[in-house]
């Protein structure tokens with residue numbers, strides 16, 4: 001039955017938050033959130049040897065020629081998205097955004113360097129194996145949802161009432 005609490009503008013809001021109470025979603029989202037967080041903190045705050053917001057925006061817009069909005073969304077997605085994943089909030093949305101971000105990174109920067117990361121400093125840049133792992137984990141989160149101990153699960157239960 002169509003209910004205004006579960007449908008908004010033709011979209012099923014419950015489907016966005018629905019998840020089981022399994023461990024897989026929890027493990028996947030915590031792992032991905034903790035791995036992406038330092039990358040987002042580099043871009044937004046300049047932590048872990050990063051260039052911070054203005055440096056990253058400059059690199060993305062001037063060197064990579066990304067539109068400023070795309071650059072901003074990448075920075076927001078990696079920094080706030082990683083925190084949201086740890087909390088289990090908007091897990092499917094964040095996972096989908098990571099797939100787009102990583103596909104963009106592969107095609108714009110990493111594809112010419114092959115599959116492997118630059119473990120021994122013998123190539124000019126980094127390969128795309130890390131990006132494929134992020135895509136794989138994100139795809140699994142799209143299927144499973146956030147899992148145990150997630151804000152998404154609490155929201156889905158509220159929408160269900």
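The values are calculated or read from the model by the stated rules, or taken from the named source; none is laboratory data. Values in this document were obtained by computation on a predicted structure and should not be read as measured data. Note that we place each Cβ from the backbone using ideal geometry, even for glycine, and neighbour counts take in every protein chain shown.
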Is it the case that residue 104 is out of contact with any strand residue (DSSP E or B) (no Cβ under 7 Å at 6 or more places or on another chain), closer than 19 Å to residue 43 by Cβ and surrounded by fewer than 20 Cβ atoms within 10 Å (Cβ to Cβ)? yes
Looking at residue 70, is it more than 30 Å from residue 20 (Cα to Cα) and not in a loop (DSSP other than H, G, I, E, B)? yes
Quick check on my filter: what residues within region 36-67 are more than 17 Å from residue 98 (Cβ to Cβ) and not in a helix (DSSP H, G or I)? 46, 50, 51, 64, 65, 67
Only residues that are part of a loop (DSSP other than H, G, I, E, B), buried (at least 20 other Cβ atoms within 10 Å of the Cβ) and free of Cβ contacts under 8 Å to residues at least 60 places away in the same chain: list them for region 123-161, please. 128
Residue 66 vs. criteria over 30 Å from residue 150 (Cα atoms) and modelled with pLDDT of 95 or more: yes
Residue in region 12-35 that is modelled with the lowest pLDDT, counting only those that are more than 16 Å from residue 148 (Cα to Cα) and in a helix (DSSP H, G or I): 13
Among the residues of region 112-122, are any in a helix (DSSP H, G or I) and farther than 25 Å from residue 46 by Cα? yes
